[in-house]
Amino acid sequence: MNNNSRDIEKLTTETTEFKREIGVFGGVSIIGGIMIGSGIFYLGSYVLQRTGMNSGLALVCWIIGGLITLFGGLCYAELGTAMPKAGGRIVYLNEAYHPIVGFISGFTDWLVGGPGSVAAVAIALMSVFKSFFEISDFGIKMAAITLIIVLTIYNMLGVKASAILQNLSMVAKLVPIGLVMIAALFVGKVSPDLSLGTAFEYSRTSGTNIFGMIAIAVVATLWAYEGWTNLNTVAEEIKEPHKNLPLALIVGIGGITVLYTLFNFAIMKVIPHEEIVSMIDSGDLYLGTEVAKRVFGHAGVIIVSAGMILAMFGTLNGLILAQPRMYYAMAVEGHFFKSFAKLHPKYKVPTAPMIVQCVFSCLLVLSSNLDQLTNMVVITGMIFSVLTILCVPILRKKYPKIERPYKVWFYPVSVVITALIFAGLVVQGAIEDPITGLTGLIVPILGAITYMIFDAKLKREKNEG
């Protein structure tokens with residue numbers, strides 16, 4: 001092991017200063033709380049557009065997207081059970097490649113990605129209330145800042161309190177979503193055409209091939225499945241992580257795949273295909289909202305609004321809970337602020353990273369370029385997803401004797417295919433928005449410089465000691 005690696009026994013032991021308060025349901029709630037957002041009501045439109053408005057192929061793409069996400073989750077399950085430490089992918093990247101790789105990943109999240117996501121969700125959540133009250137844009141921003149501060153303070157009271165709120169919000173958000181879906185499945189009188197004939201016809205007339213259509217449609221579904229990586233950041237707070245971590249990932253991602261597929265099928269049961277096409281062509285993408293209106297009347301608007309608010313609330317709380325553990329891991333590694341490596345003596349949470357994330361998030365709420373800031377790190381984030389998945393074969397070879405309570409299914413084929421798919425997302429993102437992609441490289445460069453500054457300081461301290 002090189003000098004930059006921590007003792008591998010410390011990485012594989014389940015002994016921790018954190019409190020292990022998160023069970024299987026808590027783990028599923030973190031995954032579902034972050035993954036299931038307002039996108040469930042409109043992302044189906046993008047999938048349909050990319051499949052030539054073919055209902056059957058659209059549902060197939062939702063299932064494929066779920067399976068790809070599941071295998072990504074299984075890779076994380078193997079890594080997380082072998083090294084059940086706070087910080088998630090930072091820990092694996094440190095050991096598989098070099099500590100600078102993990103640090104850059106965490107630094108990107110710390111500076112823009114994490115706070116940007118928190119800020120964006122908080123603003124989106126408060127914007128829903130504009131449908132019911134007259135609120136200025138400044139009022140929305142102030143309300144978003146207040147919510148961020150309140151949730152940060154609450155999460156500083158310990159992971160048990162955080163997990164309880166996450167569990168409650170998870171159940172609460174599923175009630176309105178479940179009501180719409182179940183009612184639509186039983187009330188809907190449309191018999192959707194699930195044959196793939198029109199998809200092949202569209203591929204011929206548009207000059208594309210069916211596999212290309214599936215690929216870009218699956219990309220749209222993967223944005224809906226985004227968020228599953230966050231569970232590993234709280235691995236040190238999960239009870240019996242060797243058993244509960246993979247179980248939570250499998251149940252959470254598998255359950256959400258079923259939910260997304262059934263929800264989109266329910267839409268097709270209520271709205272005739274011609275009307276779906278007409279709505280999407282006119283720019284009205286909120287198919288789920290339209291279903292709620294048709295099934296429940298005016299009350300449907302309230303149900304959907306409640307679902308969107310609760311969904312985004314769970315996402316926001318999950319991000320505030322999970323992200324600071326990554327910054328804690330960076331500090332424990334020795335290349336970040338020492339205060340970030342300290343846990344609260346009573347509540348056993350990384351207080352300093354949580355406060356800094358709160359401040360950064362509030363500042364970004366006030367920024368007029370929030371979309372650019374959050375989009376800037378998308379491509380970089382996907383690069384680190386590819387590198388993390390490849391940690392599985394690298395660490396199997398590097399540390400063959402580590403106990404792996406869980407191993408990814410169908411290895412190595414599943415790992416290679418999953419990594420290639422995520423790599424394809426990186427390439428597509430760079431092609432679609434090269435300027436933003438290149439701008440996003442500035443943050444990793446700053447991260448590398450910051451690492452070298454802390455590394456030089458750390459070496460001086462060791463030499464002086």
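The fraction of accessible area contributed by carbon and sulfur in the chain is 67 percent, rounded to a whole number (1.4 Å probe; ligands and nucleic acids excluded). Whole-percent P(r), the stretch 70-132, all Cα pairs, 10 Å bins from 0: 19, 33, 28, 14, 6, 0. Heavy-atom accessible surface of the chain, averaged per residue, reaches 42 Å², computed with a 1.4 Å probe. Across the stretch 332-347, coupling constants 3J(HN,Hα) worked out from phi with the 6.51/-1.76/1.60 Karplus curve, θ = phi - 60°, read 4, 5, x, 10, 8, 4, 4, 5, 6, 8, 9, 9, 4, x, 9, 8 Hz, and Gly and Pro carry x. Peptides 229-235, 249-255, 297-303, ordered by how many other C-beta atoms sit within 10 Å of their residues on average, highest first, read 229-235, 249-255, 297-303.
Where does the chain land at 222 nm, in deg cm²/dmol rounded to the nearest 500, when only DSSP H runs of n ≥ 4 count, each adding -39500 (n - 2.57), divided by all residues? The per-residue figure over the chain is -23500 deg cm²/dmol. If I take all pairs of Cα atoms in the stretch 163-229, what percentage of them are more than 18 Å from each other? Result for the distance tail: 66 percent. Ranking 454, 103, 129 from most to least accessible surface, computed with a 1.4 Å probe over the protein chains only, gives 129, 454, 103. Couplings for the stretch 186-193, taken from phi via the Karplus curve 6.51 cos²θ - 1.76 cosθ + 1.60 with θ = phi - 60°, read 8, 8, x, 10, 7, 9, x, 7 Hz in order; Gly and Pro are left as x. Relative contact order of the chain, taken over Cα pairs closer than 8 Å and 6 or more residues apart, is 34 percent. Set the Cα radius of gyration of the chain against 2.2 N^0.38 Å, with N its number of residues, and you get 0.98. Quick check: the distance between the Cα centres of the stretch 181-228 and the stretch 326-340, to the nearest angstrom? Cα centroid to Cα centroid, the span is 44 Å. Only sites in a loop by DSSP and with at most 13 other Cβ atoms within 10 Å count here; which trypsin sites (Lys or Arg not before Pro) in the stretch 188-264 make the cut? Those that pass, being in a loop and sparsely packed, are 189. Each residue of the stretch 119-130 was assigned a 3J(HN,Hα) from its phi angle through the Karplus expression (A = 6.51, B = -1.76, C = 1.60, θ = phi - 60°), giving 4, 4, 5, 4, 5, 4, 4, 5, 5, 4, 5, 5 Hz with x at Gly and Pro.
With Cα atoms as the point set, the stretch 146-272 shows a radius of gyration and Dmax of 19.9, 59 Å. Among the listed pairs 141/239; 173/342; 160/338; 85/459, those whose Cα-Cα separation exceeds 30 Å are 141/239; 173/342. Over the stretch 226-340, with a single point scatterer placed on each C-alpha, what log10 of the ratio I(q)/I(0) does the Debye formula yield at q = 0.16, 0.17, 0.19, 0.22 1/Å? Cα-only, vacuum Debye calculation for the stretch 226-340: -0.90, -0.96, -1.07, -1.25. With N the number of residues in the stretch 280-337, Rg(Cα) / (2.2 N^0.38 Å) evaluates to 1.90.
The Rg/Rh ratio for the stretch 193-254, using Cα coordinates for both the radius of gyration and the Kirkwood hydrodynamic radius, is 1.27. Taking all protein chains together and a 1.4 Å probe, the residues 409, 62 rank 409, 62 from largest to smallest accessible area.
The values are calculated or read from the model by the stated rules, or taken from the named source; none is laboratory data. Computed from a prediction, not measured in an experiment: that's the story for all the values here. Ideal geometry is used to build each Cβ from the backbone, glycine not excepted, and the neighbour counts take in all protein chains shown. For accessibility, only protein heavy atoms count, side chains too; no ligands or nucleic acids. Shrake-Rupley method; radii C 1.70, N 1.55, O 1.52, S 1.80 Å.
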